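K.L.:
Following this message is one structure expressed as structure tokens.
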């Protein structure tokens with residue numbers, strides 16, 4: 001398993017967009033707009049690969065403030081969920097954030113993923129809200 005920081009617009013980035021589309025958007029009948037994807041050019045794009053070219057999981061980090069980064073678009077290939085890829089991605093993302101001077105990670109976590117993030121030390125903040133048609137919670141963790 002190889003973890004990499006990806007470049008916006010690269011072949012690996014396109015794999016990331018495709019995986020996120022399959023796992024996160026298509027099941028909800030949604031897609032990405034060109035504007036949404038263009039806004040990711042300054043994000044930290046992270047991919048997890050098997051055999052160095054098959055993407056198994058991904059996430060991205062968006063700077064929210066001087067010391068805060070937001071985890072977004074966490075996705076693991078169907079059939080590989082529950083096998084530790086998400087945990088490895090999260091550990092890598094947290095280390096990258098720490099190395100770049102961030103002190104906190106927050107996210108809009110889907111309600112059905114709350115337990116996964118709680119096991120990694122994240123806490124729910126505030127009430128349930130709807131985003132991309134489904135329930136979410138803000139979660140955060142001090143690094």
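K.L.:
Surrounded by 20 or more Cβ atoms within 10 Å (Cβ to Cβ), touching a residue at least 24 places away in the same chain (Cβ under 8 Å) and in a strand (DSSP E or B): is that true of residue 71 in this structure? Reasoning before the result, please.
P.N.:
On the way: surrounded by 20 or more Cβ atoms within 10 Å (Cβ to Cβ): yes; touching a residue at least 24 places away in the same chain (Cβ under 8 Å): yes; in a strand (DSSP E or B): yes.
Yes, satisfied.
K.L.:
Of the conditions (1) in a helix (DSSP H, G or I); (2) surrounded by fewer than 18 Cβ atoms within 10 Å (Cβ to Cβ); (3) in contact with a strand residue (DSSP E or B) (Cβ under 6 Å, 6 or more places away or on another chain), residue 4 clears all except one; give me its number.
P.N.:
Looking at each condition in turn, residue 4 falls short on (1).
K.L.:
Within segment 91-105, can one find any residue that is in a strand (DSSP E or B) and either modelled with pLDDT of 95 or more or within 13 Å of the chain's Cα centre (by Cα) (or both)? Write out each step before concluding.
P.N.:
Let us first name the residues in segment 91-105 that are in a strand (DSSP E or B), namely 104-105.
In the following step, the residues that additionally are either modelled with pLDDT of 95 or more or within 13 Å of the chain's Cα centre (by Cα) (or both) were identified as 104-105.
Looking through segment 91-105, at least one residue is in a strand (DSSP E or B) and either modelled with pLDDT of 95 or more or within 13 Å of the chain's Cα centre (by Cα) (or both).
K.L.:
Something else about it: Out of curiosity, is residue 109 touching a residue at least 24 places away in the same chain (Cβ under 8 Å), within 27 Å of residue 2 (Cα to Cα) and assigned to a helix (DSSP H, G or I)?
P.N.:
Values: touching a residue at least 24 places away in the same chain (Cβ under 8 Å): yes; within 27 Å of residue 2 (Cα to Cα): yes; assigned to a helix (DSSP H, G or I): no.
So residue 109 does not fit the description; no.
K.L.:
Restricting to segment 38-63, and then to whatever is surrounded by fewer than 15 Cβ atoms within 10 Å (Cβ to Cβ) and touching a residue at least 12 places away in the same chain (Cβ under 8 Å), can you tell me which residue is nearest to residue 101 (Cα to Cα)? Give the derivation first.
P.N.:
We begin by selecting, within segment 38-63, every residue surrounded by fewer than 15 Cβ atoms within 10 Å (Cβ to Cβ); these are 38-39, 41-42, 50-54.
Within this subset, residues satisfying the condition of being touching a residue at least 12 places away in the same chain (Cβ under 8 Å) are 41-42, 50, 52.
On the way: 41: 20, 42: 16, 50: 29, 52: 28 Å.
The extreme case among them is 42.
K.L.:
Within segment 32-59, can you find the residues that are in a loop (DSSP other than H, G, I, E, B) and within 13 Å of residue 73 (Cα to Cα)?
P.N.:
Once the filter is applied, which keeps residues that are in a loop (DSSP other than H, G, I, E, B) and within 13 Å of residue 73 (Cα to Cα), segment 32-59 yields 32, 43.
K.L.:
Going through segment 17-32 one residue at a time, which ones are in contact with a helix residue (DSSP H, G or I) (Cβ under 9 Å, 6 or more places away or on another chain) and within 16 Å of residue 49 (Cα to Cα)?
P.N.:
17
The values are calculated or read from the model by the stated rules, or taken from the named source; none is laboratory data. The structure displayed is predicted, hence computed values, not measured ones. Cβ coordinates were reconstructed from backbone atoms using ideal geometry, including for glycine residues, and neighbour counts include every protein chain displayed.
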